[in-house]
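Chemist: Can you read through this structure? Questions will come right after.
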Amino acid sequence: MLFNSFEFFIFFPIVIWIYFITPSKYRWVWLLSVSYYFYMCWKSAYIILIATSTLVDYFAGIYIHQSKTKSRRKLLLYLSLFVNLGLLFVFKYLDFFNDTIGSVFNQFNIFYDVPAYNFLLPVGISFYTFQTLSYTIDVYKGRIEPERHLGRFALYVSFFPQLVAGPIERATRLLPQFKKVHTFDYNRVKNGLLLILWGLFKKVVIADRVSEYVNTVYNNPGMYSGLQSILATYFFAFQIYCDFSGYSDIAIGAALVLGYELIVNFKRPYFSRTFKEVFNRWHISLYNWFRDYVYVPLGLKFRSKFFRQAILVLVFLLTGLWHGAEWTFVLWGGLCALIIVLGTLTQKLRNNLFDRAGIKRSNKFRIIYDVVITFHFCFLVFIMFRAQSVSHFVDMVASMFHIDFASQFTNINLFLVPADMAIGVVSILFLLGIELLQEKYGSKKLFYSMVPRWGRWTFVGMIIMSIILFGKFDNVDFLYFQF
């Protein structure tokens, strides 16, 4: 079931209504039931995978806490890691692993013939696997007490707003909320619905509209001009941002309506001043997960600057692999790490050059320069992220350098479908204008303190009309469902 589908517009009001009329001590039953139903709308058999992860980590957490010896605790932790990561490996990476091994063996004329399994990737497996693993690790580290209520723990693993594409929550934040009584609160429900509305605008008005142009050009890199390839990559930068941050907004808003607060997953990443800062604003829950469970533990063992940079590279390679079983994702992660490392190593030099020119960091020109340069680093890595293969990436980059300005600026086919592109461009500029104001004043202050009530409702009316008039309701999957 998609957030941008007619089915969800029927499903969610029913969930809200029954949730608030149900006695508080039984609400977990209702939420768990609708969460499982929500997931089973894709492929019902795969609910077994969620149930397996849930049971393994539920009992692992309890027995880890009860165990008296460190060796037994560690054994139970490894069991949890083996089962969860094993399921993830089989369903997401097994064919990729076999293809890679086969390619290497073929170079040495070694026979390696393992059949492709072609498992259908379970939606959200990367997200809920990391969420439940963080619980077991936190119990092992003594950061939290194990959850004794199996139903509430199952709900923590499968809570439907964030089940299939995050945010990746922590037990320390989400589990205690399932124990609280949530009454109907008008302001909270209103804020949640407004967030859902904003997320829908990003998804159906911007992301889904520009996706047609992006797909057309990227699926045929040799058929389109350099300017069209460049334009498609600019559009992809906003497609993936609006698609994923739109999903996160809807997820956070849906949870808020029910009384639950999820972690903010995006903080206007295209206003970042360094490439490293982008990852403090983009998919925050994932990068915090890798920071807390990979980078920091390894960093405590290897304190030298060289090893810290090496660990950073490793983390980004793993992040790339998390996104998909393709070498393009691994190389994307490596490219991101390279840019961050080079940025760190040259930071002093760049600051000195600006200081000698009399341009302070707070200077408006410096701020704009930093933001524009950082965005174009994102532009560069998005080519690799969107490419279907390494050769496809090379073809796309090569096509961008074939530019005949005289003919391409007079060619009406530059936009393929001018009306759709005009709506996309205007919507993107509108989004950037709103986010610029949010960056300067803060979302709550901007919406509630600086804008009068009539202005707020006018804005809401504009968003609703934009969704109705310009939204594309073709049940287009969210991009991160494939991860």
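Chemist: How big is the charge dipole of the stretch 6-182 about its Cα centre, in debye rounded to the nearest 20, if each Lys and Arg gets +1 on its Cβ and each Asp and Glu gets -1 on its Cβ? Write down the numbers at each step before the final one.
Modeler: Numbers: 17 positive and 9 negative charges, 217 e Å.
Using only the charged Cβ atoms, the result is roughly 1040 debye.
Chemist: Same structure again: Out of the stretch 193-248, which trypsin sites (Lys or Arg not before Pro) are coil in DSSP terms and have no more than 12 other C-beta atoms within 10 Å? Please report the intermediate quantities before stating the final value.
Modeler: Numbers: sites: Lys202, Lys203, Arg209; in loops: none.
Listed in order of number, the matching sites amount to none.
Chemist: Charges on Cβ only, +1 for Lys and Arg, -1 for Asp and Glu, centred on the Cα centroid of the chain; of Ile110, Phe201, Tyr186, which one is farthest towards the dipole's positive end?
Modeler: Value: Tyr186.
Chemist: If I model a spin label as a point 7 Å beyond the Cα along the Cα-Cβ vector, how far apart are those points for Lys180 and Asn106 in nm?
Modeler: According to this spin-label approximation, the distance is 5.6 nm.
Chemist: Using a 7 Å offset from the Cα along the Cα-to-Cβ direction at both Ile359 and Asn475, what is the distance between the two label points in nm, to one decimal?
Modeler: The two pseudo-label positions are separated by 5.2 nm.
Chemist: Let me ask another. Report the calculated FRET efficiency for Trp17 and Tyr369 (r = Cβ-Cβ distance, R0 = 35 Å), to the nearest 0.05.
Modeler: My answer for the efficiency is 0.10.
Chemist: Could you work out how much longer the chain between Val341 and Leu437 gets when fully extended? Use 0.36 nm per residue separation minus the Cα distance between them, nm to one decimal.
Modeler: Difference between extended and current length: 31.5 nm.
Chemist: Let me ask something additional. Go ahead and collect, in residue order, the members of the stretch 149-175 whose backbone nitrogen is under 17 Å from a label point 7 Å along the Cα-Cβ direction of Tyr293.
Modeler: So the set is 153-159, 162-175.
Chemist: How much length is gained if the chain between Asn187 and Ile468 is pulled fully straight, taking 0.36 nm per residue apart and subtracting their Cα-Cα distance, in nm to one decimal?
Modeler: My answer for the length gained is 98.7 nm.
Chemist: Of the options Gln162, Thr69, Thr22, report the single residue whose Cα projects farthest towards the positive end of the charge dipole of the stretch 6-182 (beta-carbon charges: Lys, Arg +1; Asp, Glu -1).
Modeler: After comparing all options, I get Thr69.
Chemist: Out of Ala255, Phe279, Ser225, whose Cα points farthest toward the positive end of the dipole of the stretch 194-305 (charges: +1 Lys, Arg; -1 Asp, Glu; placed on Cβ)?
Modeler: Checked the options; the winner is Phe279.
Chemist: In debye, nearest 20, what is the charge dipole magnitude of the stretch 188-482 about its Cα centre with +1 on Lys and Arg Cβ and -1 on Asp and Glu Cβ, if you could check?
Modeler: 1640
Chemist: What aspartates and glutamates sit close enough to Lys68 to cross-link, taking a C-alpha to C-alpha distance under 19 Å and skipping anything fewer than 8 places away on the same chain?
Modeler: Counting by Cα, and skipping residues close in sequence, Lys68 has these aspartates and glutamates nearby: Asp57, Asp138, Glu145, Glu147.
Chemist: Still on this model: With only Lys, Arg, Asp and Glu charged, each at its Cβ (+1 for the first two, -1 for the last two), find how big the charge dipole of the stretch 251-303 is about the Cα centre; round to the nearest 20 debye.
Modeler: Around 320 debye, computed over the stretch 251-303.
Chemist: Still on this structure, please answer the following. Among the listed pairs Lys267/Lys364; Lys141/Lys190; Lys141/Lys203; Lys25/Lys190; Lys190/Lys267; Lys364/Lys444, which have their C-alpha atoms separated by more than 27 angstrom in this model?
Modeler: The pairs that break the limit, which is 27 Å between Cα atoms, are Lys141/Lys190; Lys141/Lys203.
Chemist: Work the Kirkwood hydrodynamic radius out for the stretch 188-482: mean of 1/r over every pair of different alpha-carbon atoms, inverted, in Å. Intermediate results must be reported in sequence, preceding the final value.
Modeler: Values: mean 1/r = 0.0478 Å⁻¹.
Computed over the stretch 188-482, the radius equals 20.9 Å.
Chemist: Another question, then. Can you give me the C-alpha center-to-center distance between the stretch 158-220 and the stretch 315-353, rounded to a whole angstrom?
Modeler: 27
Chemist: Per residue of the chain, what 222 nm ellipticity follows from adding -39500 (n - 2.57) for every DSSP H run with n ≥ 4, rounded to the nearest 500?
Modeler: Details: 22 runs with 317 residues, N = 483.
My calculation for the chain gives -21500 deg cm²/dmol from helical runs alone.
Chemist: Got the relative contact order for the chain handy, in percent, Cα pairs under 8 Å and 6 or more residues apart?
Modeler: 19
Chemist: Related question: By counting other Cβ atoms within 10 Å of each Cβ, how are Ile50, Ile21, Ile230 ranked from fewest to most?
Modeler: Ile21, Ile230, Ile50
Chemist: Less than 16 Å apart at the alpha-carbon level, and either on another chain or at least 8 residues along: which lysines does that give for Lys305?
Modeler: Straight-line reach from Lys305, under 16 Å: Lys348.
Chemist: Any idea how far apart Asn215 and Leu349 come out in nm if each label point goes 7 Å out from Cα toward Cβ?
Modeler: According to this spin-label approximation, the distance is 4.4 nm.
Chemist: Separation of the stretch 265-307 and the stretch 1-55 by C-alpha centroid, Å?
Modeler: Cα centroid of the stretch 265-307 versus Cα centroid of the stretch 1-55: 32 Å apart.
Chemist: If you take the square roots of the eigenvalues of the alpha-carbon gyration tensor of the stretch 6-182 and sort them as a ≥ b ≥ c, do you get rounded (a/c under 1.5), prolate (a/b over b/c) or oblate?
Modeler: oblate
Chemist: Expressed in nm to one decimal, what extension gain is obtained for the pair Arg143 and Phe306 from 0.36 nm per residue of sequence separation less their Cα-Cα distance?
Modeler: Numbers: separation 163, 0.36 × 163 = 58.68 nm, distance 2.99 nm.
The Arg143-Phe306 span can extend by a further 55.7 nm.
Read the figures in this text as sums done on the coordinates, not as results from a lab. As the structure is a prediction and not an experimental result, all values here were calculated from the model. When we count neighbours, we look across all protein chains shown, and the Cβ atoms used for this are built from the backbone with ideal geometry, even at glycine.
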